[in-house]
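As structure tokens, the structure follows; a few thoughts come after it.
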Amino acid sequence: MRKKLVVGNWKMHGTRAANAELLSAVLAARPYAADVAVCVPSVFLSEVAATLASSDIRWGAQDVSAHAQGAYTGEVSAAMLHELGCRYTLVGHSERRAYHAETDAVVAQKAQAALGSGVTPVVCVGETLAERDAGQTEAVVKRQLSAVIHTLAHCAAEMVVAYEPVWAIGTGRTASPEQAQAVHAVLRAQLQAATGRAEQMKILYGGSVKADNASQLFAQTDIDGGLIGGASLKAVDFIAICRAAG
Ligand code: PEP
């Protein structure tokens, strides 16, 4: 049985004071049956690491450079994240793909850079509404995942995958448990064909997960937890979602 994982994606939100308040509530509500992590803006990583260091809550980044080091102004390398104790980094979030023109190839290189430095990439895949309406959901997510599988090769089983339909992110519109499960099953079959170890891999669902829909989503056979955006910023909601994964 796979242990569930709930990852908060704070996006570009937070202040030192608000982060401290949020994390103190999340820490006080332990223990959780699921693994819990927060992916925070990189400028806050040191302080979040210090706050969470003696707990079982993990932390991570929201992006990582595909490059190891060098003249890449503004970028943060996987080795830097590792030095700050990051367990995870998001890779290929739809906002990075849309606003920073990240291609499948770049996402794959970032995932490889993360794994190479001992940071687990949470690889995000998902279709737009137009792609879903055109019946292309399966083809799109398989293409996105395939690029990463190909690049990671024998290490592919080390990644975490997050299925995040773009039309459900930050919109309040969630995929139904059945819609999400159908795509997760496709992804697990693809991972199994590539790695032979898909039964041990985690596939998270993300897209308007809230306290009141989390249990139903997490009850699906192939949904191993969630990637939580907006609701990870409110302690009461994030704690409820973490508990729903128990
Ligand atoms: C996300 O940012 O990964 C996300 C799923 O956002 P939200 O939960 O707000 O839809």
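The values are calculated or read from the model by the stated rules, or taken from the named source; none is laboratory data. Please read these numbers as outputs of a predicted model, since none were measured by experiment. As a convention, Cβ positions derive from the backbone with ideal geometry for all residues, glycine included, and neighbour counts pool all protein chains shown. Remember, those area values only see protein heavy atoms, side chains included, never the ligands or the DNA or RNA. Shrake-Rupley method; radii C 1.70, N 1.55, O 1.52, S 1.80 Å.
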* Which one of Val43, Ala29, Gly172 has its Cα pushed farthest toward the positive end of the charge dipole of the range 5-244, where Lys and Arg give +1 and Asp and Glu give -1 at the Cβ? -> Ala29
* Asked: Once you put a point 7 Å from the Cα of Ala105 and another 7 Å from the Cα of Ala193, both along the Cβ direction, what distance in nm separates them?
  -> 2.3
* To do: Pick out, from Ala20, Ala71, Gly206, the residue whose Cα sits farthest towards the positive end of the charge dipole of the chain, with +1 on the Cβ of Lys and Arg and -1 on the Cβ of Asp and Glu.
  => Ala20
* Structure fact -> Quick calc, the range 5-244, dipole around Cα centre from Cβ unit charges on Lys, Arg (+) and Asp, Glu (-), nearest 20 debye, gives 160
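Taking the Cβ of Ala61 as the centre, find all other residues whose Cβ is under 13 Å away and add up their charges (Lys, Arg: +1; Asp, Glu: -1).
Computed value for this residue: +2.
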* trypsin sites (Lys or Arg not before Pro) restricted to DSSP loop in the range 104-186 with at most 10 other C-beta within 10 Å -> none
* Structure fact -> Dividing the helical contributions, -39500 (n - 2.57) per DSSP H run of n ≥ 4, by the residues of the chain yields a 222 nm value, nearest 500 deg cm²/dmol, of -12000 deg cm²/dmol
* Accessible area expressed per residue, the range 5-244, with surrounding protein chains retained (probe 1.4 Å, Å²) -> 43
* Can you find, among Ala235, Thr103, Ala147, the residue farthest towards the positive end of the dipole of the range 100-246? Put +1 on the C-beta of Lys and Arg, -1 on that of Asp and Glu. => Ala235
* Cα-derived Rg over Rh, computed across the chain with Rh taken as Kirkwood radius -> 0.94
* Mind listing P(r) for the range 50-173? All alpha-carbon pairs, 5 Å bins, whole percents. -> 2, 11, 20, 22, 18, 13, 9, 3, 1, 0
* **Neighbourhood net charge (9 Å Cβ-Cβ; Lys/Arg +1, Asp/Glu -1) for Asp224** => +3
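If you roll a 1.4 angstrom probe over the protein chains with everything in place, what fraction of the accessible area of the chain belongs to carbon and sulfur, to the nearest %?
Accessible surface attributable to carbon and sulfur in the chain totals 53 percent.
Taking 1 over the mean of 1/r across every pair of different Cα atoms in the range 1-74, what Kirkwood radius in Å do you get?
About 13.6 Å for the range 1-74.
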* Hand me the tally of lysine pairs in the chain: alpha carbons under 24 angstrom apart, and the pair either on different chains or 8 or more positions apart. => 16
* Looking only at Cα atoms, what is the convex hull volume of the range 151-246 per residue, in Å³? -> 98
